[in-house]
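Asks: One structure is given below, represented as structure tokens, and several questions about it will come after.
The values are calculated or read from the model by the stated rules, or taken from the named source; none is laboratory data. Since this is a predicted model, take the numbers as computed values, not measurements. Here the Cβ positions follow ideal geometry from the backbone for every residue, glycine too, while neighbour counts run over all protein chains shown.
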Amino acid sequence: MEKLLKELQYAELQRQTRRHFLQSCGFGLGALGLGSLLDSCGPTSAKSAMPGEEALKARIPHFAPKAKRVIYIHMAGAPSQLELFDYKPELVKYHGKDCPAEFLEGKKFAFIQGVPKMLGPQSKFKQYGQSGAWMSDYVPYLQTVADEITFMKAMHTDQFNHAPAQLLMHTGSARLGRPSLGAWATYGLGSENQNLPGFIVLASGGQPDAGKSVYGSGFLPSVYQGVQCRTGGDPVLYVSDPNGMNRDMRKQTINAINEINKQTYEEVQDPEILTRISQYEMAFRMQMSVPEVMDVSKEPQFILDMYGVKPGEGTFAMNCLLARKLVENDVRFVQLFDWGWDGHGTSKDHNVEGGLRQKCRESDQPIAALIQDLKMRGLLEETLIIWGAEFGRTPMQENRNGLVMPFMGRDHHLDAFTMWMAGGGVKQGFSHGETDELGYYGVKDRVHVHDLQATILHLMGFDHEKFTYPFQGRNFRLTDTEGKVIRQVIA
Amino acid sequence: MFYPLLQVSGWFSNWALFIGRFHPVLVHLPIGFLLIAAFLEVGRRTGKISVSESTISFILFWSAIGATFACIAGYLLSLGGGYEEELLSDHKWQGIGVAVFAWIAWIVKSDLLKFKIPFSTAIYLPAFGLATILTMTAGHDGGSLTHGEGYLTQYTPEPFRSIAGMPPITEPVTEIKPIANIEQAVVYRDIVQPILELRCVQCHNANKQKGDLRLDQLALILKGGEGGPGLIVGKSAESDLIKRCLLPESDDDHMPPKGKPQLTNEQIALLSWWIEQGASADKKVVELKKSDLVKPALASLSSGGSSVAGAKSSESPILHLKVQAGNEKDIEALKKAGLIVNNLSRDQNLIEVSAVNDPNFGDNQMGLLTSLSDQITWLKLGGTKITDASLKEISRLKNLNKLHLEHTGITDAGLANLKNLQYLEYINLVDTKITDAGLKNIASMKGLKSVYVWKSAVTDSAVSQVSRLYPKLLIVNGFNEAAVAQFLKAGDSIQTAVAEKVP
């Protein structure tokens, strides 16, 4: 026996030539280097630190959050601040006059060419509330909650086209691939209600121009991406059991699939498999919880009246009511998109007169109702409401192709626009920032998109400079290398 | 001698640097050759291996050639500048030494020359030895030149660290420590230097001197760098240190550079104040005149200097309370029962507990909470099965700050138990059996800020009565049908306006 073993050893050693040694040296060292290179690309990346269900548990914030939940209302297309909140009486005098050359020098617009005419405000303004907030007759309901709101009137952005500007607003970058604000929020604070996704998206009027990326999870594990629910019919497509499939059988199916997935996970250790497993389980629970939370038939009539909704409608008003129900059930981040605010003056629906007025009519009442409703439920203190768009609109009238538009319209404008926040630790009845007398540039307390993002994260308990995720060899953050917290708006 | 040439001729300087950059490549040849020659020599002399002298001599020859070229490339590289003079000079002479002694060692062994030189055999070993030793010292200094001094031993582990008498590994400064007694703080040492350490010294220190500027010592700040003195005593607006911070971030001269963490307005205010007041090295805060501008900034230092004093005012005192960490087992027990348990923030042990996933949570489980009576700050029991019995237990959670009891069966009797909770600021009583009496009873609680009583038995008249008595307390009773009808009237104006505009 011993002899045999010795012989084996000898044979083995004979087979191992110097060539083998060099080969394994070369290959081994190369593999080491390659391994560290590929680390950030492959499935077994840094994501493995917190896969699946575990990932949805909360991380500890840097400081106690003032806003535990967020409702972000995005008016896709960008309403005109000059017709809603940024009152510019001086612009009335300039109405119909040529735009001053200094506004046009070195500037590029999406559609304006040559020298456009200035366009005076199309609405009537008054001051409201104890805070004396300027608001127009386009938003009569919002006037009733003027003292809950903090306006930021000198917002500015870097992008003048819808899709990149929306991406910048929600992901901190005008290019694809970064996680959205809601994904960061659920990544940071986790999801509370185990039966509902932590980040839910509701859209009305159409989808955001930048598509699903504005609520995607980017390089964060996909478990953090926004789940879009429909407002009419099945809230989530295919979430209800098909005919002939009962709930027990569905459970068994999911158990079997998860078992196979678990085996695969043990084999290849890709954390996205754990994400998948937890999504299956979540979907199973959602079959019960989602129809329940999305069902407004049990709401009293006066609440439905307050929002101005009828059961079964898939309107923006319905989405506001659903947003309230979702945050009431401790969903972390609710993202509302309403499409159709692009008032170029090209048609009856897209202008800053009747068209904008109509959009306001559909959204103003439910937004005010949402603020009132959250307040009386004791939820507004802990829920941050953000309202805004991807950019603003020019004080000049649009002159696309050098023609006069059939309706009063304004072009995309990145140097000045208004956004507002309410609840969740921001000041009540406050206005931050000012634009020049024609509403073209911010002249005081300008707020960049990254500053706003830094502030939102701050309200949620995160220092935006330390709130990072390692990807492709460096730490990424929502605000990348920019952004300052606007402390003046924090209560 | 090369300097003037370098200045006038870009062509030459490009070539010089091109060749110079091969120094790190070339330099490893003589290192390897010399060491292998030394090992062979030792092996030969101890009789362990059989190797001829001519082999060693051959290796020495190439060592000398390699060392010579490395010296030339090294010199050209050094013309690029940016190295510490003294260290560079040491390295240079050691490198030249290696080449010289390698040549000597080769010459005295070479078949052609060894007989022409007296005592050649006596010179051989010392020259060889010196070349080898100098290789190592030159190599070490070269490493220090590229990576900075102390690079090699920066992460020396214990116990070798203490044995070598090295200080413990220091983490880079990332935060300013709060100052307990501001008035007695030495302005430069306790306020100014920590700000500079945090934001500036990384690039302006003994080892790295961007713009020839060092900000780690007062004398060196005064001395300044390429752009002149770092500050002008008494004139903050003319001091580079302040001016650069105030430039727009996109300006090339702005400091810290774009993308790096910036100084806050308070920190800039503090630095300006210190310069205005004479930039003294040892004066305390109490000895200097305080402007209105700097007061809030000074106040913020007690909390680490990064937050605005104004932002603190509305924050509840509880959030600065330090309590012991809760028992892990108790926390686990809560989680097992289906509750969510989270820390409020990273630097404290206060926790929030939520029963959102456990609507069946009831009185019999309350004992789980009281074992964490110091830590539980936010408690959410809305929509659970708890009754008045639970409120007795809740009254023992002495640091409670926010309490959600909406949609539960609690009554006035249970609510009365909570009166001793001094930190309680928020209480949600929506959809409970609380009446006017219950509201009046808790309204006198000192810390209380907001009470929500919608859909309870509390009447509007009681709400307005209590609100008059306690004007700072927010009591929200919410909308009923009539209030909604009133709310809807707001829209009358737009309805008519739209009717006019839209056909």
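Asks: Are any residues in region B:466-488 aromatic (Phe, Trp, Tyr) and either more than 14 Å from every other protein chain (Cβ to nearest Cβ) or at positive phi (or both), and if so, which ones? So that I can check it myself, show each step before the final result.
Replies: We begin by selecting, within region B:466-488, every residue aromatic (Phe, Trp, Tyr); these are B:470, B:479, B:487.
The answer is B:470, and nothing else.
Asks: Which numbered condition trips up residue A:418, out of (1) more than 14 Å from chain B (Cβ to nearest Cβ); (2) surrounded by fewer than 24 Cβ atoms within 10 Å (Cβ to Cβ)?
Replies: So the condition that residue A:418 fails would be (2).
Asks: Please specify each residue of region A:169-201 satisfying the condition of being of a type in the set (Ser, Thr, Tyr) and more than 10 Å from residue A:226 (Cβ to Cβ).
Replies: Listed by number, the residues that qualify are A:171, A:173, A:187, A:191.
Asks: Can you tell me which of B:440, B:419, B:398 is in a loop (DSSP other than H, G, I, E, B), more than 14 Å from chain A (Cβ to nearest Cβ) and surrounded by fewer than 18 Cβ atoms within 10 Å (Cβ to Cβ)?
Replies: Working: B:440 fails: in a loop (DSSP other than H, G, I, E, B); B:419 fails: in a loop (DSSP other than H, G, I, E, B).
Checking each option against the conditions leaves just B:398.
Asks: Given the structure, is residue B:50 of a type in the set (S, T, N, Q) and out of contact with any Phe, Trp or Tyr (no Cβ under 8 Å at 6 or more places or on another chain)? Write out each step before concluding.
Replies: On the way: of a type in the set (S, T, N, Q): yes; out of contact with any Phe, Trp or Tyr (no Cβ under 8 Å at 6 or more places or on another chain): yes.
Judged against the criteria, residue B:50 is a match.
Asks: Quick check on my filter: what residues within region A:421-461 are surrounded by 24 or more Cβ atoms within 10 Å (Cβ to Cβ) and under 17 Å from residue A:134 (Cα atoms)?
Replies: Scanning region A:421-461 gives A:421, A:422, A:435, A:439.
Asks: Next question. Would you call residue A:338 buried (at least 23 other Cβ atoms within 10 Å of the Cβ), of a type in the set (Asp, Glu) and in contact with a Ser or Thr (Cβ under 8 Å, 6 or more places away or on another chain)?
Replies: Numbers: buried (at least 23 other Cβ atoms within 10 Å of the Cβ): yes; of a type in the set (Asp, Glu): yes; in contact with a Ser or Thr (Cβ under 8 Å, 6 or more places away or on another chain): yes.
Answer is yes for this residue.
Asks: Now for a different question. Which is within 9 Å of chain A (Cβ to nearest Cβ), out of contact with any helix residue (DSSP H, G or I) (no Cβ under 8 Å at 6 or more places or on another chain) and modelled with pLDDT of 85 or more, of B:373, B:354?
Replies: Numbers: B:373 fails: within 9 Å of chain A (Cβ to nearest Cβ).
Among B:373, B:354, only B:354 is within 9 Å of chain A (Cβ to nearest Cβ), out of contact with any helix residue (DSSP H, G or I) (no Cβ under 8 Å at 6 or more places or on another chain) and modelled with pLDDT of 85 or more.
Asks: If you check A:370, A:384, A:374, which single one turns out to be within 11 Å of another protein chain (Cβ to nearest Cβ), crowded, with 24+ Cβ neighbours inside 10 Å and farther than 19 Å from residue A:157 by Cβ? Steps first, please.
Replies: Values: A:370 fails: within 11 Å of another protein chain (Cβ to nearest Cβ); A:384 fails: within 11 Å of another protein chain (Cβ to nearest Cβ).
Answer to the selection: A:374.
Asks: Within the set of pairs 6 or more residues apart or between chains, which connect a residue that is at the interface with another protein chain (Cβ under 9 Å from one of its Cβ atoms) and closer than 10 Å to residue B:476 by Cα inside region B:446-460 to a residue that is surrounded by fewer than 17 Cβ atoms within 10 Å (Cβ to Cβ) and at pLDDT 90 or above with Cβ atoms less than 6 Å apart?
Replies: Correct list of pairs: B:450/B:474.
Asks: Quick one: residue B:243 ticks every box in (1) in a loop (DSSP other than H, G, I, E, B); (2) away from chain A (no Cβ under 14 Å) bar one, so which box is it?
Replies: (1)
Asks: Those residues that are away from every other protein chain (no Cβ under 14 Å) and under 16 Å from residue A:439 (Cα atoms), I need them from region A:110-147; list them, please.
Replies: Within region A:110-147, A:116, A:117, A:118, A:119, A:120, A:121, A:134 meet the criteria.
Asks: Would you check which residues across region A:160-199 are part of a loop (DSSP other than H, G, I, E, B) and small (Gly, Ala, Ser) and list them?
Replies: Result: A:172, A:173, A:174, A:177, A:180, A:190, A:191, A:198.
Asks: Go through A:374, A:403 for me and flag whichever is at pLDDT below 95, hydrophobic (A, V, I, L, M, F, W, C) and assigned by TED's automatic domain parsing to the domain that holds residue A:78. Even if it seems obvious, please write down each step before you answer.
Replies: Working: A:374 fails: at pLDDT below 95.
That would be A:403, the only listed residue that is at pLDDT below 95, hydrophobic (A, V, I, L, M, F, W, C) and assigned by TED's automatic domain parsing to the domain that holds residue A:78.
Asks: Considering (1) of a type in the set (Gly, Ala, Ser); (2) within 14 Å of another protein chain (Cβ to nearest Cβ); (3) assigned to a helix (DSSP H, G or I), say which one residue B:390 fails and leave the rest.
Replies: It is condition (2) that residue B:390 fails.
Asks: Further question: What residue, among those in region A:462-486 that are basic (Lys, Arg) and surrounded by fewer than 16 Cβ atoms within 10 Å (Cβ to Cβ), is nearest to the other protein chains (Cβ to nearest Cβ)? I'd like the intermediate steps shown before the answer.
Replies: From region A:462-486, those basic (Lys, Arg) are A:466, A:474, A:477, A:484; that's our starting set.
Remaining after also requiring surrounded by fewer than 16 Cβ atoms within 10 Å (Cβ to Cβ): A:466, A:474.
Values: A:466: 9, A:474: 12 Å.
My answer is A:466.
Asks: Another question, if that's okay. Of the residues A:452, A:459, only one is under 30 Å from residue B:260 (Cβ atoms), touching a residue at least 60 places away in the same chain (Cβ under 8 Å) and within 14 Å of chain B (Cβ to nearest Cβ); which? Give the steps one after another, and end with the answer.
Replies: Working: A:452 fails: within 14 Å of chain B (Cβ to nearest Cβ).
That would be A:459, the only listed residue that is under 30 Å from residue B:260 (Cβ atoms), touching a residue at least 60 places away in the same chain (Cβ under 8 Å) and within 14 Å of chain B (Cβ to nearest Cβ).
Asks: Filtering region A:110-152 down to residues that are part of a loop (DSSP other than H, G, I, E, B) and among the hydroxyl-bearing types (Ser, Thr, Tyr), which residue is surrounded by the fewest Cβ atoms within 10 Å (Cβ to Cβ)?
Replies: To start, the set of residues in region A:110-152 that are part of a loop (DSSP other than H, G, I, E, B) comprises A:110-116, A:119-124, A:129-132, A:137-141.
In the following step, the residues that additionally are among the hydroxyl-bearing types (Ser, Thr, Tyr) were identified as A:123, A:131, A:138, A:141.
On the way: A:123: 20, A:131: 17, A:138: 28, A:141: 24.
Once the filter is applied, the top-ranked residue is A:131.
Asks: Next up: What are the residues in region A:298-323 that are charged (D, E, K, R) and away from chain B (no Cβ under 13 Å), if any? Even if it seems obvious, please write down each step before you answer.
Replies: If we filter region A:298-323 for residues that are charged (D, E, K, R), which is where we start, we get A:298-299, A:305, A:310, A:313.
Answer for region A:298-323, where residues must be charged (D, E, K, R) and away from chain B (no Cβ under 13 Å): A:298, A:310, A:313.
Asks: Being more than 10 Å from every other protein chain (Cβ to nearest Cβ), closer than 25 Å to residue B:288 by Cβ and in a loop (DSSP other than H, G, I, E, B) is the filter here, so list the residues in region B:256-272 that pass it.
Replies: The answer is B:263, and nothing else.
Asks: Given (1) farther than 20 Å from residue A:301 by Cα; (2) touching an Asp or Glu at 6+ places or on another chain (Cβ under 8 Å), where does residue A:371 come up short, assuming only one miss?
Replies: If we test residue A:371 against (1) farther than 20 Å from residue A:301 by Cα; (2) touching an Asp or Glu at 6+ places or on another chain (Cβ under 8 Å), just (1) comes out false.
Asks: For region A:110-118, check the following and say yes or no: at least one residue is at pLDDT below 90 and at positive phi.
Replies: yes
Asks: Look at residue A:411 and say whether it is acidic (Asp, Glu) and within 14 Å of chain B (Cβ to nearest Cβ).
Replies: Values: acidic (Asp, Glu): yes; within 14 Å of chain B (Cβ to nearest Cβ): no.
It is false that residue A:411 is acidic (Asp, Glu) and within 14 Å of chain B (Cβ to nearest Cβ).
Asks: Give B:384, B:377 a once-over and let me know the one that is touching a Pro at 6+ places or on another chain (Cβ under 7 Å) and buried (at least 16 other Cβ atoms within 10 Å of the Cβ).
Replies: Numbers: B:377 fails: touching a Pro at 6+ places or on another chain (Cβ under 7 Å).
Matching residue, one of B:384, B:377: B:384.
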